[in-house]
1. Through the Karplus equation 6.51 cos²θ - 1.76 cosθ + 1.60, θ set to phi - 60°, convert the phi angles of segment 150-166 into ³J(HN,Hα) values in whole Hz; use x for Gly and Pro.
2. Just from its helices, what would the mean residue ellipticity at 222 nm be for the chain, if runs of 4 or more DSSP H residues each count -39500 (n - 2.57) and the sum is divided by every residue, rounded to the nearest 500 deg cm²/dmol?
3. Round to a whole angstrom and tell me the spacing of the C-alpha centers of segment 1-59 and segment 173-197.
4. Near Val4, within a Cβ-to-Cβ distance under 11 Å, what is the net charge of the other residues, with Lys and Arg +1 and Asp and Glu -1?
5. Please work out the ratio of the alpha-carbon Rg of segment 1-76 to 2.2 N^0.38 Å and round it to two decimals.
6. Size of the dipole of segment 48-150 about the Cα centre, Lys and Arg at +1 and Asp and Glu at -1 on the beta carbon, nothing else charged, in debye to 20?
7. Give the total of Lys-Lys pairs in the chain with Cα-Cα distances below 30 Å; include a pair only if its members are 8 or more places apart or on different chains.
8. For the chain, give the percent of accessible area contributed by carbon and sulfur heavy atoms, probe 1.4 Å, rounded to a whole number.
Amino acid sequence: MLDVSYMSGGYGRADVLENVSLKVAQGEAVALLGPNGAGKSTLMAALTATLPRRAGTLRLDGRDLSRARSHDLVAAGMALVPEGRLIFTPFTVRDNLRLGAIALSRRGRLAERHDYVFGLFPRLAERVGQRAGTLSGGEQQMLAIGRALMSKPRLLLLDEPFLGLAPMIVSEIVAALRKLQRDGLTILLVEQKLDIALTCTTRAYVMLKGAVALESSTHDLAQRPDLHDLYFKLSAPRTP
């Protein structure tokens, strides 16, 4: 579904990403791991064309979208849940969801997507007329995910979706992501918390200093005795 090859990009004249390559298969859930400053969010910005890419290719379901603009990527089936949620707090839950459905062409499809999101997150149905800024942090995260789902994406990108959430809300969102994957959605998840990321994905890339340092199944990654040192760059790997 997603094929990224030798992607570079950054801010100003400085490159943050260094020849990043990764693949996510149809229906797969993949984690993108790494400490603060590793380049994970920068990669998300480059994938969604909110940050100019200086080099590399981006293919979605075999289609070369390396020069596509952000709205073209949404139309092609990619949607992002950004770090910090970035919902429109003065607007209602309903209005936030409608903004996510701009790419939909028929009113019937809009109602269908509302039903799908409300089935996934019943709390949003209960608060459909409520201003988004009055929701709890967990409900706002559900709304951010729901808004992305309104465009009926085939690939969902999530940037730090569990940041600052209570364990009960984390469990609800993990369950929702698993259902989305069972429904055929492809997921790329940026996360710092290993214990969460490794339970809701089957494969992972570890980024360090703007480059992919490791690719592994989440099962094998969780078994590595040197994982802590690798992840936090504290020392050389320990011997088993």
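1. Each residue of segment 150-166 in turn: 5, 7, 6, x, 9, 10, 10, 9, 10, 10, 6, x, 9, 5, x, 9, 5 Hz.
2. Value at 222 nm, helices only: -10000 deg cm²/dmol.
3. 18
4. Result for the local shell: +2.
5. 1.05
6. The calculation lands at about 280 debye.
7. 17
8. Percent of accessible area from carbon and sulfur atoms in the chain: 53.
The values are calculated or read from the model by the stated rules, or taken from the named source; none is laboratory data. The shown structure was predicted, so the numbers you read here are calculated from the model rather than taken from an experiment. Here Cβ is always computed from backbone atoms with ideal geometry, including for glycine, and neighbour counts include all displayed protein chains. In case anyone asks, the SASA skips ligands and DNA or RNA and just uses the protein heavy atoms, side chains included. Shrake-Rupley method; radii C 1.70, N 1.55, O 1.52, S 1.80 Å.
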